[in-house]
Structure formats: C-alpha cells, structure tokens
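A.B. asks: Just dropping this structure here.
The values are calculated or read from the model by the stated rules, or taken from the named source; none is laboratory data. Because the structure is predicted, anything quoted here is derived from the model rather than measured. Note that we place each Cβ from the backbone using ideal geometry, even for glycine, and neighbour counts take in every protein chain shown. Keep in mind that these areas ignore ligands, DNA and RNA; they rest on the heavy atoms of the full protein, side chains included. Shrake-Rupley method; radii C 1.70, N 1.55, O 1.52, S 1.80 Å.
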Amino acid sequence: MRLFYSLLAFLLVISLKSSAEGTREMAPNGSIVVNGNTTTDLAALHINNFAFNSFASYDNPNPNSRLHIHIKDPSKECIFLGFSFGHPNENSPFPSHVNYQYRIKDPAGNIVFGPVMVGTDGNILSWSEGFNGPQEIHGAGGYDAVEATAADLSSGGWTGAGDYYIEFQNTGGVDFLIDFWDITVADCSTPSPTEKKGRVWSYNWSIFAINDFGFPNRPFNGAFYVCAPDPSDPEAAFITKIDFNGSGFQPAAFNVAFNSFGVFNTGNIAEDRRSVENLNATQAQYEIYLNDPVELCKTALVGEITLDGISRCNAGDYCIKFTSTKVGQIDILLDFDGNDNMYTPGTRDVLITVFVFPDQVGVPTCIPWNGLDGFGLPMNEDTSTTIPIVLSFAQGIYHFPIYDAELMLNGFRLQAVRPAAAIPLLHYDDSRILVTSGSGEPAVQITGCNVPCHRWTTFVNNGIPGFGNLHTINSWWFSQRIVREDVLFLPAYYTCAIEGPERICGGSSTQIVFQPTVHPAGLEGPEILSTAWEGPGIVGPNTGNEITIDAAGHYTLDVVWINGTGDTCATSCDYQLNMDPPLVGTIDTLILEGTTIVINGASYSDGGQYVQILESPQGCDSVLTINVQIINSVIYYDLDACWSFMSDGSHMDYSEFTAAFPQPLSCADISASILHREPAAMNKHSCTEGVNNSIAM
C-alpha cells in the first residue's frame with residue numbers, strides 16, 4: 001500500500017471525465033482515513049481462496065466464480081488490462097510481493113490471450129492510475145494497458161457475442177490479492193478506441209478490503225449493478241445499484257452474490273431468507289456488474305396487480321384473491337395489530353408470502369389463509385368483523401447474502417436504476433443469529449426499513465463469532481413494489497343440515513329437507529349451484545332442496561355453491577333413516593266352555609285363532625294373533641277301576657288315583673298329585689258302586 005498527498009487531488013480533478021471498470025467502481029475515494037492513516041480506497045481482487053469459492057482462479061470448474069468480460073463483437077472489440085502487484089494477506093501497508101500470471105478464455109474455454117506474467121509492480125502503479133483507466137483511451141494519468149486485441153479474441157474461432165473470462169494464478173498456486181486493477185472493453189475498430197462500459201461482471205465476486213492498517217478497519221466503498229432477470233422476458237432485467245460508499249462496511253475478505261431466494265433455496269420463502277450462522281451461504285444467481293449493462297440487459301416491464309377480494313368455503317379455508325400482469329412476489333399483511341401497515345412479530349399480525357409463477361399471470365389466483373390470527377385464534381364469526389389487508393406486489397427480487405462481513409456501521413444505499421422507481425425498502429430476518437447486532441435495530445424487519453439501515457456493530461475479534469463474522473447475513477429488497485390496501489368483511493359460507501324424521505313405519509315414505517346455514521349469521525347466502533342426494537330409497541329426482549324417501553339407510557347430500565370471488569365451493573351432510581317394521585304379538589288364552597273373553601273390545605267365546613290389526617304408538621300397524629282354547633278337562637282323575645280291600649292293604653293305597661292331563665296348556669304347566677284323603681296315612685278309602693250300578697266311590 002502506498003500513500004498519496006497533494007498530487008492526488010490534482011489527479012482526482014482531471015479524472016472526473018475518465019472512465020474505467022475496476023478500481024474506479026470498487027474503490028471510488030482518493031482520500032480516506034483508516035485507523036488514523038490517510039490513504040485511498042482499495043478493493044483487492046481475492047484470487048483462488050477456497051473458502052471464498054476460488055474466485056477467478058485457473059481452471060476453476062465453477063462458472064459462478066469466474067470473472068467475466070462480455071464481448072459483443074470479437075472482430076471489432078478489444079480489452080485493455082491493468083493490474084498492480086500481487087501479495088498475500090498480510091497486516092501491513094507494505095506487504096510482500098508475489099509473481100502471478102493471467103490469461104483470457106473465450107466462451108468455449110479456449111485460451112485466446114496470455115498467459116501474461118506480472119512481476120514486482122505490474123502495470124498499475126497507483127490508485128489514481130487504476131481509477132483513471134487505460135492511457136490508450138484516457139491519456140495521461142492512466143495506466144499503460146496490456147491489450148487483448150480483436151485478433152486475439154477471435155483466435156479460438158469464436159465469432160459472436162459471448163462472455164469471455166479471465167483467470168489468475170501465482171507461482172505458489174495459493175490465494176493472493178491484487179489491490180488495484182482495471183478491465184476496460186473498447187471498440188478498437190477506429191483510430192480512437194471507444195470504451196464500452198457495463199461489460200465486466202461475475203456471479204460471485206470475491207473482494208478483500210485488505211488489513212493494511214489493522215483488522216477489520218478498512219471500509220469497502222464500492223458499488224455494484226445487479227441484473228435481476230424478468231421471468232416474463234429472458235432478455236430483460238431489473239437493474240438495481242447497491243452502493244457501499246460511506247456505509248461503514250468493514251468486511252476484510254467477503255463474497256458478493258445476489259439471488260432470488262436468500263441463503264437456501266428450498267421453496268420455503270420465509271425460512272430461505274433468514275440469515276444463518278457458521279455457514280458461507282452466498283449462493284450466486286444474478287449477474288453483478290460494475291456499471292449499468294445497458295447493452296446487455298433490456299429494461300424489464302413493470303407489472304400491475306389487483307386485489308379481487310376474499311372468500312372462503314368453510315371457517316378456516318380463506319382465499320385472498322389477486323390478479324397480476326407479471327411474475328413477482330406477493331406479501332399479504334393481515335394487519336390486525338394496530339392497522340399501522342407494518343408487520344409486528346409476536347402480535348395478531350399475519351404475514352403470508354407467495355410467488356407468482358408464469359402460469360398464474362393474468363389468472364385470478366388464491367392466496368390461502370387458515371383464518372387464524374398471529375396468536376392462532378380464529379376470526380370472530382360476526383358480520384362486523386373486518387380483515388385489514390395490505391397487499392404488496394414486488395418485481396425484481398434481490399437477496400444479498402454476505403458471508404464473513406465483520407461490520408456494517410452505517411448501512412448501504414439502494415437505487416432502482418431501470419425501470420426507475422422510488423428508493424427500495426430493505427428487509428431482513430436475523431432471528432437465527434444468536435449474537436445481537438449492536439445497532440439497536442430490531443432483529444426482524446419484514447415490512448422494510450428506509451435505507452441506510454440493517455447495521456451491525458458487534459465484533460470482538462476474529463476468533464470469536466460476532467454478528468457478521470463467520471455468518472451469512474441476508475438482506476433483501478425489490479426493484480418495483482406496488483401496494484394495495486383494503487379492509488374487507490368476513491365472507492359468507494354455508495354449512496349443511498338435513499331435517500326429517502329419525503324413523504318411519506315400514507311400507508311408508510317421508511320427505512327430508514336441506515336446511516342451509518349461512519355463516520356469519522345475518523349475511524345473505526351465496527348462490528347455490530347444485531344439490532345432489534344419494535341413498536337407498538330416493539323416490540323421484542335426487543336433486544333439489546327436498547326429496548321423498550321410502551327405505552331405511554344412510555343418505556348424503558352434496559351441495560355446490562359459488563362464493564364471493566366466483567369460485568365454487570362444496571359442502572356435504574349426512575342423514576340416517578330408521579324403518580319401524582309392523583309390531584307382531586300373540587296372545588294364548590284359555591276359557592271355560594260357555595264363557596267369553598274380551599280383548600281390545602272384541603269378544604271371543606269359541607276356541608280358535610283370531611287376528612287383530614291395530615295401530616302402534618308410532619302410528620305403525622300392529623298385528624295381534626289371539627289363540628283361544630276352550631277348556632273341558634285340564635286335570636283328570638279316573639276312579640272307575642277303584643280297588644279297596646283290607647286283606648291286601650289296598651284300602652290304604654291311593655296310588656291308583658293318579659292325575660292325567662288330557663288337554664295340556666300352551667301357556668302354563670299344570671301338575672297335580674295323587675288324589676287322596678287328608679291325611680292319607682290315616683284314612684282308608686273304599687270302592688262302592690253307585691245307584692243303579694253307576695260309578696261311585
């Protein structure tokens with residue numbers, strides 16, 4: 001590192017009309033103070049460090065870590081090249097030098113220029129030479145450039161537009177730094193070369209704000225132009241400038257990469273964008289230029305969005321419907337906490353983030369919501385309940401994950417370059433970083449803050465993780481942002497119920513009726529499109545609000561209706577019918593001959609079977625069978641053969657008088673003992689003929 005004094009101010013004045021691509025953009029200030037030392041800005045190319053993706057190294061297979069140079073016409077264009085000496089990472093303003101070489105490859109990978117050896121000093125000897133650019137274009141005050149001619153660029157057979165790339169290697173094959181550098185593309189087909197800006201880019205820059213005056217004291221004050229592709233047009237992009245000048249960004253070595261998702265790319269937007277500890281998660285996706293690539297990136301078109309309304313098919317199945325004319329990201333804020341248009345974590349606020357895909361452009365699309373607030377509580381089902389909605393539609397989505405950036409004391413600035421727009425808000429979610437930032441700013445800023453913001457000041461030393469040290473800190477913003485606000489009432493939905501008897505008599509029929517219930521009560525019900533009944537005994541049509549059925553079993557009703565945003569919803573309900581069969585009964589009765597019995601008002605005096613048809617308490621038929629039996633003799637004692645003699649003791653034996661049962665009863669069991677005189681053991685019996693030889697005892 002060399003210091004410059006009065007000559008520096010003169011060079012700054014004459015260089016205001018100069019241009020270059022390299023030190024001019026990465027190290028714009030000719031006089032700054034670092035740890036009490038007056039010096040210049042310096043942003044070194046950090047070559048071939050594995051921890052920082054081996055940026056711009058020989059034969060690096062990762063195209064995301066190449067340093068690209070876009071050539072539109074190899075037959076006319078050339079490249080002016082300038083680099084200062086190389087050195088290792090040393091905590092000294094006077095580091096040791098290393099020899100290195102570089103070469104240029106065409107888009108097919110053919111070496112078309114070099115290798116060029118760089119020894120003790122290189123061809124850029126000071127900050128001012130790198131800032132002013134090649135003498136071949138800007139004259140005195142610039143550096144004496146090495147030129148890769150049009151003939152060189154075409155030597156590999158590549159004839160069209162494409163991305164060439166430059167590679168570096170030192171003699172030891174390890175990582176090293178190049179403090180001042182310039183790569184300028186020009187049209188060299190005329191005697192006076194014409195510079196072509198916006199041609200130098202990478203997906204994943206590796207830069208080192210060197211430790212010449214202690215670690216990590218040197219700021220990075222450079223700027224980048226980032227192309228976020230327009231998914232609707234592969235040739236167009238949203239161009240944003242990110243400017244670190246005065247930001248207090250003191251990172252030492254760091255990666256610069258931009259993408260559309262954050263630190264991870266799982267599809268879970270809320271998780272992917274959160275900063276992460278102990279990991280280099282600088283995934284590269286967007287092209288990062290040193291100047292606006294006006295010749296390479298066509299300006300994207302700004303889309304429009306409408307909030308079409310809110311509807312639901314049941315209590316927890318909401319559809320927040322929108323229509324957009326372009327691909328982009330939508331953030332829906334349900335602003336239940338204070339109606340302040342700001343998402344406040346840990347409150348009733350709900351934030352839902354979704355992406356609009358190409359097949360959804362121009363198509364009314366639902367953002368689903370479960371109907372719960374930030375505390376997990378459902379909405380009050382009342383006609384006065386309101387839902388405050390802030391819909392944000394964003395295009396040109398930029399995520400900026402920075403790895404191993406020790407300090408961000410003041411915050412960087414943003415500018416929507418093309419298409420022009422207001423200064424973007426900056427968003428971040430550092431809730432996974434356990435160390436506090438030290439800035440006093442909230443750890444989560446989903447709604448967005450006005451730049452400069454998202455600062456961190458906590459750093460102890462390189463051996464102890466600070467806030468940014470050894471972590472990947474992610475910020476994001478949008479090139480274009482449209483906000484729509486509305487306050488909507490709870491949308492209506494139906495629940496289904498069926499009215500009808502629980503049971504009917506066998507052989508009869510009944511009607512069952514669909515009774516729709518509207519929620520919240522008091523709202524007009526949506527239009528019902530169809531009703532369809534299913535079951536075992538439908539009589540006639542199976543549609544309509546009322547049907548006739550004549551069989552027991554399970555019945556279902558499917559109802560289709562149209563909600564407030566034009567979508568169809570369905571609900572169903574069940575009904576069970578029981579069928580009562582005829583009640584059957586039997587009465588067995590005995591009457592003495594000549595007597596009469598009355599049952600249910602009917603008189604019976606003759607034996608036989610009789611049937612009565614009655615009505616049960618449920619109104620069903622009741623069949624009663626009556627069996628009438630005339631009783632003549634139920635118990636019979638035969639005394640005709642009486643035997644009674646004292647000589648054989650039969651006069652004391654009553655066993656011959658045993659009961660017989662000539663007419664058994666179906667309704668009773670009758671038993672009788674031996675007929676005798678009481679007490680039998682003391683009373684003899686005799687057998688005496690009756691009068692005129694009749695039977696007698």
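A.B. asks: What is the residue count in region 453-467 for residues that are loosely packed, with under 14 Cβ neighbours inside 10 Å and either of a type outside the set (G, A, S) or assigned to a strand (DSSP E or B) (or both)? Give the derivation first.
C.D. replies: The first filter runs over region 453-467 and keeps only residues loosely packed, with under 14 Cβ neighbours inside 10 Å, leaving 460-461, 463-464.
Narrowing the set further to residues that are either of a type outside the set (G, A, S) or assigned to a strand (DSSP E or B) (or both) leaves 460-461, 464.
Qualifying residue count, region 453-467: 3.
A.B. asks: Within region 284-334, which strands (runs of 3 or more DSSP E) (wholly inside it) include 1 or more residues that are under 25 Å from V200 (Cα atoms) and open to solvent by 20 Å² or more (accessible area, probe 1.4 Å)? Break it down into steps so the answer makes sense when it comes.
C.D. replies: Details: elements: 287-289, 305-312, 318-324, 328-334.
Per the criteria, 287-289.
A.B. asks: Right, another one. Filter region 468-521 down to residues that are open to solvent by 30 Å² or more (accessible area, probe 1.4 Å) and in a loop (DSSP other than H, G, I, E, B), then give me how many there are.
C.D. replies: 12
A.B. asks: Moving on. Just give me the residues in region 254-278 being hydroxyl-bearing (S, T, Y), open to solvent by 10 Å² or more (accessible area, probe 1.4 Å) and over 21 Å from C227 (Cβ atoms), in sequence order. Steps first, please.
C.D. replies: The first filter runs over region 254-278 and keeps only residues hydroxyl-bearing (S, T, Y), leaving 260, 266, 275.
Then drop every residue that is not open to solvent by 10 Å² or more (accessible area, probe 1.4 Å), which leaves 260, 266.
Selection gives T266 alone.
A.B. asks: On the given criteria, is V356 modelled with pLDDT under 95, within 30 Å of R199 (Cβ to Cβ) and in contact with a strand residue (DSSP E or B) (Cβ under 8 Å, 6 or more places away or on another chain)?
C.D. replies: On the way: modelled with pLDDT under 95: yes; within 30 Å of R199 (Cβ to Cβ): no; in contact with a strand residue (DSSP E or B) (Cβ under 8 Å, 6 or more places away or on another chain): yes.
No, not satisfied.
A.B. asks: In region 525-554, what count of residues is obtained for those that are of a type outside the set (D, E), more than 37 Å from the chain's Cα centre (by Cα) and in a strand (DSSP E or B)? Spell out how you get there, then give the answer.
C.D. replies: Pass one, region 525-554, residues of a type outside the set (D, E): 525-526, 528-533, 535-545, 547-549, 551-554.
Subset that is more than 37 Å from the chain's Cα centre (by Cα): 535-545, 547-549, 551-554.
Pick out the ones that are also in a strand (DSSP E or B) and you get 538-539, 547-549, 553-554.
Looking only at that region, the number is 7.
A.B. asks: Can I ask one more? Just give me the residues in region 200-231 being assigned to a loop (DSSP other than H, G, I, E, B), touching a strand residue (DSSP E or B) at 6+ places or on another chain (Cβ under 7 Å) and more than 25 Å from F85 (Cβ to Cβ), in sequence order.
C.D. replies: Within region 200-231, Y203 is the sole residue that qualifies.
A.B. asks: Could you go through region 28-36 and let me know if any residue there is crowded, with 21+ Cβ neighbours inside 10 Å and assigned to a loop (DSSP other than H, G, I, E, B).
C.D. replies: no
A.B. asks: Another one. Among the residues of region 432-448, are any surrounded by 15 or more Cβ atoms within 10 Å (Cβ to Cβ), more than 21 Å from the chain's Cα centre (by Cα), of a type in the set (A, V, I, L, M, F, W, C) and farther than 19 Å from V263 by Cβ?
C.D. replies: Within region 432-448, none of the residues are surrounded by 15 or more Cβ atoms within 10 Å (Cβ to Cβ), more than 21 Å from the chain's Cα centre (by Cα), of a type in the set (A, V, I, L, M, F, W, C) and farther than 19 Å from V263 by Cβ.
A.B. asks: Of everything in region 137-162, what is within 30 Å of N29 (Cβ to Cβ), out of contact with any Ser or Thr (no Cβ under 9 Å at 6 or more places or on another chain) and of a type outside the set (A, V, I, L, M)? Give them in sequence order.
C.D. replies: Here is the first cut: in region 137-162, the residues within 30 Å of N29 (Cβ to Cβ) are 137-148.
Next cut, out of contact with any Ser or Thr (no Cβ under 9 Å at 6 or more places or on another chain) only: 140, 144, 146-148.
Correct list: D144, E147.
A.B. asks: Out of the residues in region 418-467 that are β-branched (V, I, T) and out of contact with any Ser or Thr (no Cβ under 9 Å at 6 or more places or on another chain), which is nearest to N291 (Cα to Cα)? Give the derivation first.
C.D. replies: Going residue by residue through region 418-467, those that are β-branched (V, I, T) are 423, 433, 435-436, 444, 446-447, 451, 457-458, 460, 464.
Those still in the list that are out of contact with any Ser or Thr (no Cβ under 9 Å at 6 or more places or on another chain) too: 423, 451, 460, 464.
Values: I423: 18, V451: 21, V460: 35, I464: 37 Å.
Within region 418-467, the match that is nearest to N291 (Cα to Cα) is I423.
A.B. asks: Inside region 645-694, can you point out the residues that are open to solvent by 100 Å² or more (accessible area, probe 1.4 Å) and closer than 28 Å to D588 by Cα?
C.D. replies: Residues satisfying the conditions are D669, S671.
A.B. asks: Further question: For D337, state whether it is among the charged types (D, E, K, R), open to solvent by less than 60 Å² (accessible area, probe 1.4 Å), modelled with pLDDT of 95 or more and touching a Lys or Arg at 6+ places or on another chain (Cβ under 7 Å).
C.D. replies: Numbers: among the charged types (D, E, K, R): yes; open to solvent by less than 60 Å² (accessible area, probe 1.4 Å): yes; modelled with pLDDT of 95 or more: no; touching a Lys or Arg at 6+ places or on another chain (Cβ under 7 Å): yes.
The answer is no for D337.
A.B. asks: Oh, and also: Test L557 against the criterion of being in a strand (DSSP E or B), surrounded by 12 or more Cβ atoms within 10 Å (Cβ to Cβ) and modelled with pLDDT of 90 or more, and give yes or no.
C.D. replies: yes
A.B. asks: Kindly indicate whether any position in region 105-122 is of a type in the set (S, T, Y), open to solvent by less than 20 Å² (accessible area, probe 1.4 Å) and in contact (Cβ under 8 Å) with a residue 24 or more places away in the chain.
C.D. replies: Just the residues of region 105-122 that are of a type in the set (S, T, Y), to begin with: 120.
From what's left, open to solvent by less than 20 Å² (accessible area, probe 1.4 Å): none.
No; the residues of region 105-122 include none that is of a type in the set (S, T, Y), open to solvent by less than 20 Å² (accessible area, probe 1.4 Å) and in contact (Cβ under 8 Å) with a residue 24 or more places away in the chain.
A.B. asks: Here's something else I'd like to know. With the checklist (1) over 28 Å from I597 (Cα atoms); (2) of a type in the set (S, T, N, Q); (3) in contact (Cβ under 8 Å) with a residue 12 or more places away in the chain in hand, flag the one item Q629 doesn't pass.
C.D. replies: (1)
A.B. asks: Now a separate question. Every residue in region 528-547 that is open to solvent by 70 Å² or more (accessible area, probe 1.4 Å), within 16 Å of T495 (Cα to Cα) and polar (S, T, N, Q), please.
C.D. replies: Scanning region 528-547 gives a single hit, N545.
A.B. asks: Considering only region 136-153, I want to know if a residue exists there that is part of a loop (DSSP other than H, G, I, E, B), open to solvent by 50 Å² or more (accessible area, probe 1.4 Å) and over 29 Å from H87 (Cβ atoms).
C.D. replies: Here is the first cut: in region 136-153, the ones part of a loop (DSSP other than H, G, I, E, B) are 139-142, 144-145, 149.
Pick out the ones that are also open to solvent by 50 Å² or more (accessible area, probe 1.4 Å) and you get 140, 144.
Filter once more, keeping what is over 29 Å from H87 (Cβ atoms): none.
No - not one qualifying residue is present in region 136-153.
A.B. asks: Then there is this: Out of D106, D59, D73, D41, I need the residue that is touching a strand residue (DSSP E or B) at 6+ places or on another chain (Cβ under 9 Å), modelled with pLDDT under 95 and not hydroxyl-bearing (S, T, Y). Which one?
C.D. replies: Working: D106 fails: modelled with pLDDT under 95; D73 fails: modelled with pLDDT under 95; D41 fails: modelled with pLDDT under 95.
Exactly one residue qualifies, and that residue is D59.
A.B. asks: Can you pull out every residue in region 249-269 that is out of contact with any Pro (no Cβ under 6 Å at 6 or more places or on another chain) and assigned to a loop (DSSP other than H, G, I, E, B)?
C.D. replies: Hits for region 249-269 are P251, F258, S260, F261, G262, F264, N265, T266, G267, N268.
A.B. asks: Might you check whether a residue that is crowded, with 22+ Cβ neighbours inside 10 Å and part of a strand (DSSP E or B) occurs anywhere in region 372-388? Explain how you work it out, then say what you get.
C.D. replies: Initially, region 372-388 is screened for residues crowded, with 22+ Cβ neighbours inside 10 Å, giving none.
No, every residue in region 372-388 fails to be crowded, with 22+ Cβ neighbours inside 10 Å and part of a strand (DSSP E or B).
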